[in-house]
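J.: Can you keep this structure in mind? I'll have questions shortly.
Bear in mind that the values in this text are calculations on the coordinates, not laboratory data. These figures come from a predicted structure and were not determined experimentally. With ideal geometry, Cβ positions are generated from the backbone for all residues, glycine too; neighbour counts draw on all protein chains shown.
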Amino acid sequence: MSYVDAFHDKSKDIIHVVERVDGKREFKEIPAKYTFYYRDQRGQYTSIFGEKLERVVCTTSKKFNTEKKIHGHKGLYESDVNVIFKAFAENYDPT
């Protein structure tokens, strides 16, 4: 299974993906998952620089933007990564 194209419907927070399976096009919907990390000394995650981080996961773009404003002064990581690319990374094998 490989993807052909994708579209992020921001009003519904859904990613519409077109896949090719056995030579036929199939349409699939993936719920958008907005994720970022911020610096936190008690964080469960570690950056490539060795800093402790905490992860925030949101299901709507409105909540995502609110959370970015709340934690923005702490230093954000991966807040600018396209939600479609994150969905591909989670749902498709790169090979």
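J.: Can you spot the aspartates and glutamates whose alpha carbon is less than 12 Å from LYS63's alpha carbon? Ignore those fewer than 8 places along the same chain.
T.: ASP13
J.: Between the alpha-carbon centers of region 26-57 and region 64-80, tell me the distance in whole angstrom.
T.: With region 26-57 and region 64-80 each reduced to a Cα centre, they are spaced 11 Å.
J.: Continuing with this model, one more query. Count charges around ALA6 for me, please; just the other residues with Cβ under 10 Å from its Cβ, Lys/Arg as +1, Asp/Glu as -1.
T.: Net charge around ALA6: -1.
J.: I've got another one for you. With the Cα gyration tensor of region 1-48 in hand, convert its eigenvalues to equivalent ellipsoid semi-axes via √(5λ) and list them largest first in whole Å.
T.: Working through the eigenvalues yields semi-axes of 33, 15, 7 Å.
J.: For VAL81 and LYS24, what is the calculated FRET efficiency with R₀ set at 35 Å and r taken between the beta-carbons, to the nearest 0.05?
T.: Efficiency, from the Cβ-Cβ distance: 0.70.
J.: Hey, another quick one. Taking a virtual spin label 7 Å from the Cα of TYR92 along the C-beta vector, which residues in region 9-42 bring their backbone nitrogen under 20 Å of it?
T.: 9-10, 13-35
J.: Over the chain, what relative contact order in percent results from Cα pairs under 8 Å that are six or more residues apart? Numbers along the way, then the final one.
T.: Details: 157 pairs, mean separation 22.8, N = 95.
In percent, rounded to a whole number, it is 24.
J.: The chain: which trypsin sites (Lys or Arg not before Pro) are DSSP loop and have at most 14 other beta-carbon atoms within 10 angstrom?
T.: For trypsin sites (Lys or Arg not before Pro) across the chain that sit outside H, G, I, E and B with at most 14 neighbouring Cβ atoms in 10 Å, the list reads LYS10, LYS12, ARG42.
J.: Please list the non-local residues whose amide H lies under 5 Å from the amide H of ALA32, H modeled 1.01 Å from N, same-chain partners needing a gap of 5 or more.
T.: Answer set, sorted by chain and number: ILE14, ILE15.
J.: Now a separate question. To make sure I understand, if each residue's beta carbon is the centre and we count other beta carbons within 10 Å, what order do VAL17, VAL4 fall in, fewest to most?
T.: In order of increasing Cβ crowding within 10 Å: VAL4, VAL17.
J.: Just checking my list (1) 3, 12, 21, 19, 16, 12, 9, 5, 3, 1; (2) 2, 10, 14, 16, 16, 14, 10, 8, 5, 2, 1, 1, 0, 0; (3) 3, 13, 22, 22, 18, 12, 7, 3, 1, 0 against P(r) over Cα pairs in 5 Å bins from 0, in percent computed from this structure; which label fits?
T.: Of the listed options (1) 3, 12, 21, 19, 16, 12, 9, 5, 3, 1; (2) 2, 10, 14, 16, 16, 14, 10, 8, 5, 2, 1, 1, 0, 0; (3) 3, 13, 22, 22, 18, 12, 7, 3, 1, 0, (1) comes from this structure.
J.: Nearest 10 degrees is fine. How inclined is helix 61-71 to the longest principal axis of the chain, computing both from alpha carbons?
T.: 20 degrees
J.: Name the residues of region 1-20 whose amide N is less than 14 Å from a point 7 angstrom out from the Cα of THR60 along the C-beta direction?
T.: Counting only backbone N, you get 10-14.
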